[in-house]
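Working notes, structure below.
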Amino acid sequence: MKCVDVFAGCGGLSLGFEKAGFEVAAAFEYWQPAIEVYRQNFAHPIFQQDLSNEAEAIDKIRAYQPNLIMGGPPCQDFSSAGKRDITQGRADLTYHFANIVCATQPEWFVMENIEQIKKSHILAEVVEQFKQSGYGLTAVILNASFCGVPQSRTRFFLIGQLHAAHQQLHGILQQNLANQPMTIRDYLGDSLGLEFYYRHPRNYNRRGIFTIDEPSPTVRGVNRPIPKGYKINSCDPKNIDLNQVRPLTTIERSYLQTFPPNFQFSGTKTNLEQMIGNAVPVNLGTFIAQAIQEYGKNGSVKTSLFDESLPFQLPDRVLSRTDSK
């Protein structure tokens with residue numbers, strides 16, 4: 001299946017789909033630092049493209065005749081971190097993603113965003129647009145630690161197939177979830193050479209020290225050292241020596257996003273932290289891609305615990321193996 005990745009960033013979703021055997025024909029991104037990293041790691045082209053210029057983007061994408069368009073329109077305006085303001089303009093890129101997909105009409109599309117998008121009128125509007133364009137839709141919230149990623153990162157996915165039923169991927173996605181969340185030790189063993197590490201909390205009422213025997217919290221676009229005078233929080237692990245605790249390095253944080261050790265990162269530390277924090281975890285992309293593959297092979301076999309005749313509905317919680325109708 002031939003794919004085009006829009007809002008590609010440094011390539012987490014592209015690499016995830018390539019790992020599953022998909023052909024990524026081209027990528028589109030506007031931020032030059034991410035484009036430079038992408039070019040170091042992929043053989044196919046990436047174009048610097050303002051995706052709000054829909055006519056130009058659609059012409060370029062149509063030239064590749066993709067079977068699937070994927071992308072994660074910028075999510076900052078939906079985020080609970082900092083100020084949330086969907087009037088700032090970045091949230092409008094979700095509309096542009098939908099317009100590009102509906103004009104191009106690939107068989108499949110995959111849209112990734114943060115969980116908070118489900119509360120936005122923008123999502124409701126693009127869902128209706130996709131329906132009117134003939135797409136059957138599956139919407140899920142996934143915790144990446146149950147999808148091969150050592151990180152408790154929850155993300156919203158909207159997946160569409162042209163001229164198909166709604167909810168068709170729910171059962172496959174559910175059945176493919178792991179029984180237990182993946183810890184850092186599960187994924188990296190003892191290769192980091194530490195047991196505890198620091199991740200700067202949003203405020204000091206929250207935990208700052210974590211262990212590798214649990215999934216990491218969400219990798220964000222900032223990475224700060226332990227402040228002088230940091231006091232052990234009641235939520236932190238007990239009996240630890242702060243002199244033996246450090247934040248993870250930029251590259252170690254890329255491992256938590258399941259970028260492989262041979263993935264090349266270059267640029268300023270600030271830019272790299274941002275692009276790594278914004279990336280779709282590679283293995284989460286693979287998880288989605290494999291579900292699409294499995295459905296393509298077994299689409300006529302009813303594997304879902306959900307009734308495929310049900311109308312489309314947005315999820316109200318993270319998908320679990322114990323969910324039923």
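The values are calculated or read from the model by the stated rules, or taken from the named source; none is laboratory data. Please read these numbers as outputs of a predicted model, since none were measured by experiment. Cβ placement follows ideal geometry from the backbone for every residue including glycine, while neighbour counts extend to all protein chains displayed.
Summary of computed values
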| quantity | calculated |
| --- | --- |
| 2 or more residues under 19 Å from Gly267 (Cβ atoms): qualifying helices (runs of 4 or more DSSP H) within the stretch 1-68 | 12-19, 32-41 |
| Subset of the stretch 198-238 (residues that are of a type in the set (Phe, Trp, Tyr) and not in a loop (DSSP other than H, G, I, E, B)) | Tyr198, Phe210 |
| Residue check for Phe130: aromatic (Phe, Trp, Tyr), within 17 Å of the chain's Cα centre (by Cα) and farther than 30 Å from Asn243 by Cα | no |
| Test for Met275: is it assigned to a loop (DSSP other than H, G, I, E, B) and either polar (S, T, N, Q) or buried (at least 18 other Cβ atoms within 10 Å of the Cβ) (or both) | no |
| Within the stretch 87-119, considering residues that are among the small types (Gly, Ala, Ser) and out of contact with any Ser or Thr (no Cβ under 8 Å at 6 or more places or on another chain), the one modelled with the lowest pLDDT | Gly89 |
| Some residue of the stretch 72-79 being acidic (Asp, Glu), at pLDDT below 95 and touching a helix residue (DSSP H, G or I) at 6+ places or on another chain (Cβ under 9 Å) | yes |
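The rows are residues; the columns are (1) in contact with a helix residue (DSSP H, G or I) (Cβ under 6 Å, 6 or more places away or on another chain); (2) assigned to a strand (DSSP E or B).
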residue: Val101; (1), (2): no, no
residue: Phe109; (1), (2): yes, yes
residue: Ala165; (1), (2): no, no
residue: Met182; (1), (2): yes, no
